[in-house]
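The values are calculated or read from the model by the stated rules, or taken from the named source; none is laboratory data. Keep in mind that what you see is a predicted model, and the values were worked out from it rather than measured. Neighbour counts are summed over all protein chains in view; Cβ atoms, including those assigned to glycine, are modelled from backbone coordinates with ideal geometry. Ligands, DNA and RNA are stripped out before the accessible areas are found, and what is left, the full protein with its side chains, is counted by its heavy atoms. Shrake-Rupley method; radii C 1.70, N 1.55, O 1.52, S 1.80 Å.
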Amino acid sequence: MSGTVITVIPPELESGFRLAGVETETAGDAGEAAKVVDRLLKERREGVVAVYEPYFLSFDPDTVERSRYSLSPVVVALPAGLRDVSGETRLARITELLTRAVGYQITFGSREQP
C-alpha cells in the first residue's frame, strides 16, 4: 500500500472500486472492518485507508481515536453516498480532510470555520 489508497468496504461495493482501480479490503460489518483497520494501522504503511462511513461511525472509541490520529496510514471515513450520515456539512468534511492531509487548516474565501 505504499503511497496508495485502500478502501475498507462491504463486499457488494468491491467490484465498483476494483473496476476503478482502487485496492480493496472487504468487511461484512463494522466489527470486521475494525479488525482490518487495526491490522492496517499496525502495518504503518504510507497511504490512505478510506473506511465505509457507516462502519467507521460504529467503531469503538479506541479504534476511532487511533484512526483519527494516525499519520501512517491516514484513515478517513468514506461517505456512503446516500446521505450525510454524520450530520457534518460538505465544507466541514472537506476542511477536516484537508487539515489531516496537509497538517494545518485551510479556509475557503472569507468564510469563517465553525
Could you go through region 19-35 and let me know if any residue there is in a helix (DSSP H, G or I), open to solvent by 50 Å² or more (accessible area, probe 1.4 Å) and aliphatic (A, V, I, L, M). yes
Exactly one of Ser67, Ser58, Ser72 is open to solvent by less than 30 Å² (accessible area, probe 1.4 Å) and in a loop (DSSP other than H, G, I, E, B), and that one is Ser72
Of (1) outside any helix (DSSP H, G or I); (2) farther than 20 Å from Thr99 by Cα; (3) in contact (Cβ under 8 Å) with a residue 40 or more places away in the chain, Val48 satisfies every one except (2)
Per the filter on region 7-37, residues touching a helix residue (DSSP H, G or I) at 6+ places or on another chain (Cβ under 7 Å) and within 26 Å of Tyr69 (Cβ to Cβ) are Thr7, Val8, Ile9, Thr24, Glu25, Thr26, Ala27, Ala30, Ala33, Ala34, Val37
Flagged pairs (Cβ under 9 angstrom, 6 or more apart or on separate chains; first in region 7-24, free of Cβ contacts under 8 Å to residues at least 24 places away in the same chain; second open to solvent by 70 Å² or more (accessible area, probe 1.4 Å) and assigned to a strand (DSSP E or B)) are Phe17/Glu23; Val22/Val5; Glu23/Val5
